[in-house]
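Just so it is clear, none of the values below were taken in a lab; they were calculated from the coordinates. Not measured: the values here are computed from a predicted model. Glycine gets a Cβ as well: all are built from the backbone with ideal geometry, and neighbour counts include every protein chain shown.
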Amino acid sequence: MRASDARSAYLMFLPVLIIEAALVVAPLIISGWYSLYNVRYFKIRGFVGFDNYWHILTSSSVLNSLFVTAIFSFGALIFTFTLGFALALWLQKDTATNVAMRAIVLIPYMIAMLVGSMLLKWIYARESGLSPMIFGAFGFGDVSILADPQLAMGGLVFNAMWRDSAFAMILLLAGLKSVPVQIFAAARVDGASRLYIFWRIVMPLLRIPILITVIRLLIHFINTLTFPLVLTGGGPANSTETLVLYMFRRGFQDSVLGEANALAILIFVGNMVFVAMLLLIFRKAQRL
Amino acid sequence: MSEATFEPPRRGAWRARVARRTAGSLVVNAVIALFALFPILWGLSTSLKPKDEIVAYPPRLLPSAVTFEHYMRVFNDSVGHYILNSTIVTAAAIVLTLAAGALGGYALARFQFRGRGMAMVFIVGVMSIPIASLLVPTYSTLSVLGLLNTRTGLVLLYTAYQLPIVIWTLYGYFLSLPVELEQAARIDGYSSSRVLWRIVLPLSKPGLVAAALFVAVFSWNDFVVAVTMTSSESVRTLPVAIYNYLGFYGREWGPLLAASIISIIPIVAGFLFLQRYFVSGLTGGGTKG
C-alpha cells in the first residue's frame, strides 16, 4: 500500500463527503441549533432553550397527529404487507407470465407518488361517478369518501396498499429465493398440507426477510407526506393530519421554524430507533 | 390435494383439472392486473373524454370520442416549461451523482485507507435517513447557502439523497470486476484516475445504467423536496406543477389528469424496457427507506 494510493483514495472520496456534509449533516446540526430558538419567518428572535420541545410534547395537535400517524402506519402496514406477501407467494416461480405480472404490479410503485395519489383522488371524488355507483350498490347512496373522517383514513390506507405492496413483494421475493425449493417438494411428498407448509416452513425460514420488510414499510409510512397532503390536506377536522404533515404545515405554512425544527429532530430520532433495529437484524442475520 | 390417489386418474379427468387450473390462475392474474392498473387507465380514459362526459352519471368507461383538448390546454398553460425544468434537473442530477458516485465507489472497492470502514457506515447511515425528517432543516440550510428556489439547489439535493444508493450499487459492481486488468494497467504506468476512466468505467455499463435509472426515477418523480424548496414558476418541476394545477383548475379534472398522464409516460416506457435493472436495485442496499 503506497502512501500516494491512500491519498488518491481520499481525493476520490472527497466530493461525496462534501456533498453529504453540506446537504445532509449540516442541516441536522443547524436544525438542532434552530430548535433551541424562537424562529419566525427566518428571523431568530431569541434563545428559548427546550421550550420548543416542551411545547411540542404537551401540544394536543401533536398528540392527535401521533395518534393519526399510528393508525395510518399500522393500517397501511397490515394491508400492504399481507397483499405483498400474497403476491410474492403467487408470483414466486420465474415463469414468463409471473415475470410480466411482477412488472405490472410494480407500475404503481414506479410512477410519481404525487401522480398516483392524484389518480386515486379522482377515483374517490364524487364527480367521477365511481364511488356513488359502488357505495350506492350497497345502499349508502351519496357518500363523499374524503369528507368523512373514517372513510378518508381508509382512502389513505388504500393508497398505501395500492402503491407499496409491490415494494413488499419485491423484498419478500428476494427472501423466498434464498429458501431451497426442494424443502417444499420434500414436505409435499411427506403429505404436508399447503397451510402446514406455509405456517411451519415458509414463515420460520423467512423470519429475517419478513422483519426487514415490516420495518422498512413502517419507516416509509411514518414518513409519508404525499398521501395526506394530496388526498385530504389533513382533513376532515384533522382526522388525517399525520406527524410529518403537521411538521410541514408548522414550518412552511405557519412559518414557526423553531418549533418545526424541534419536531424534525424528534422525528429524526424516532426514525433512527427503527434504523438501529434494522442494522441489528442485519448483523444478526449475517452471523447466522 | 393431499388425498393420495392410488389408481392413476383417467387422462380426461387429468386434462380437465389442468384446464380448470389454468383458467383459475388466469382469472387471478387478471384481477391483480386490474387492481394495479385500473386507476391509471381510468385517469387516461378521463383525460381523453370531452368535457361534459367527464362528470356524466352513470360514468362511461371509455370516451365516446377521443379528444386531446385537455392536453392542448395544459400545453397552453406552460406544461412544456415544467417538463423542460424536470428534464434539466434530472439530467444534471444523473451526471453529478454518477461522477461523484463512481469516484467514491471505486475508492471503497479498490483502496485500503484509514477510515474506509467509517465511510461505509456513513454511506449506509445517510441511505437510511428518511427525507421527511430533513425537509425543515434543509430549507433553513438552503436559505443560508442562497440556493432556495433554484434548480441548482434541487440538483444538489437529489445528488445528496441518491449518492449513497449509487455508491452502493457501483461499489458492488466494481468488486465483481477482475482486479488483474487494473493491476496490469497500473504496471503499464496508468494513474488511478486513468484506470478508472479507461478500464473500469467502460466495463461497468450495466452498473452505471442501473444507478442512472434510480437517480432518473427519483428526480423525475420527486414532489416533496421540490414543493418545499421552490416557489417560483420559472424553476417549477412537473410534479409540483401538477399539484398546483389542483388549485388552478379547481374541479376541472381533464387537464389535471392530462398532466398526470404526461408525467407517467416516460417512467412506464423506461421501466418496461429496462425492468431488470430496477428490480436488482430495489432489493440491494438493504436499509434504504
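Here are the numbers:
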{"item": "Chain B: most fluctuating residue of B:29, B:85, B:244 per GNM, C-alpha cutoff 10 Å", "result": "B:29"}
{"item": "Cα gyration tensor category, rounded, prolate or oblate, for the range B:11-67 with a/c compared to 1.5", "result": "prolate"}
{"item": "Two-decimal Rg to Rh for the range A:156-230 - Kirkwood Rh, Cα set", "result": "1.13"}
{"item": "Fluctuation leader among A:262, A:276, A:137 - chain A, Gaussian network, Cα springs under 10 angstrom", "result": "A:137"}
{"item": "Reciprocal mean inverse distance between Cα atoms of the range B:71-283 - Kirkwood radius, Å", "result": "19.0 Å"}
{"item": "The range A:24-167 - convex hull of alpha carbons, volume per residue in Å³", "result": "193 Å³"}
{"item": "Shielding by other protein chains, A:101-107, mean Cβ within 10 Å", "result": "6"}
{"item": "Inter-chain shielding of B:219-226 (mean C-beta neighbours from other protein chains, 10 Å cut-off)", "result": "4"}
{"item": "Reciprocal mean inverse distance between Cα atoms of the range A:148-288 - Kirkwood radius, Å", "result": "18.0 Å"}
{"item": "Separation in nanometres of the label points that stand 7 Å from Cα toward Cβ, at residue A:17 and residue B:252", "result": "5.5 nm"}
{"item": "Net charge dipole size for the range B:71-283 [Lys, Arg +1 and Asp, Glu -1 on Cβ; Debye, nearest 20]", "result": "340 debye"}
{"item": "Förster-model FRET efficiency, 25 Å R0, residue B:205 and residue B:99, C-beta, rounded to 0.05", "result": "0.95"}
{"item": "Which listed pairs, of A:177/A:284; A:121/B:51; A:93/A:121, have C-alpha distances above 25 Å, in listed order", "result": "A:93/A:121"}
{"item": "Estimated FRET transfer efficiency when R0 is 45 angstrom, pair residue B:21-residue A:58 (beta carbons, to 0.05)", "result": "0.15"}
{"item": "Cross-link partners of residue B:49 among aspartates and glutamates (Cα-Cα below 17 Å; sequence separation of 8 or more within a chain)", "result": "A:127, B:69, B:252"}
{"item": "Set of aspartates and glutamates near residue B:205 by C-alpha distance (under 12 Å), chain-local residues within fewer than 8 positions excluded", "result": "none"}
{"item": "Sum of side-chain charges, residue B:63 neighbourhood, beta-carbon under 14 Å (Lys, Arg +1; Asp, Glu -1)", "result": "0"}
{"item": "Three-way shape call for chain A based on the alpha-carbon gyration tensor, with the a/c threshold at 1.5", "result": "oblate"}
{"item": "Protection proxy ranking of B:269-275, B:194-200 - average other beta-carbon atoms within 10 Å, highest first", "result": "B:194-200, B:269-275"}
{"item": "Reciprocal of mean inverse Cα separation for the range B:10-124 (Kirkwood radius, Å)", "result": "20.8 Å"}
{"item": "Added length on full extension, which subtracts the Cα-Cα distance from 0.36 nm per residue, residue B:33 to residue B:78", "result": "12.8 nm"}
{"item": "Choice from B:20, B:186, B:276 with maximal GNM fluctuation in chain B (Cα, 10 Å cutoff)", "result": "B:20"}
{"item": "Inter-chain Cβ neighbour average for residues B:138-148, partner chain, 10 Å", "result": "5"}
{"item": "Mean Kyte hydropathy of -0.5 or more with a Cα span along the axis of at least 18 Å, helices from DSSP in chain B", "result": "B:11-47, B:79-110, B:116-128, B:151-175, B:205-221, B:253-273"}
{"item": "Compactness index (Cα Rg / 2.2 N^0.38 Å), the protein assembly as shown", "result": "1.04"}
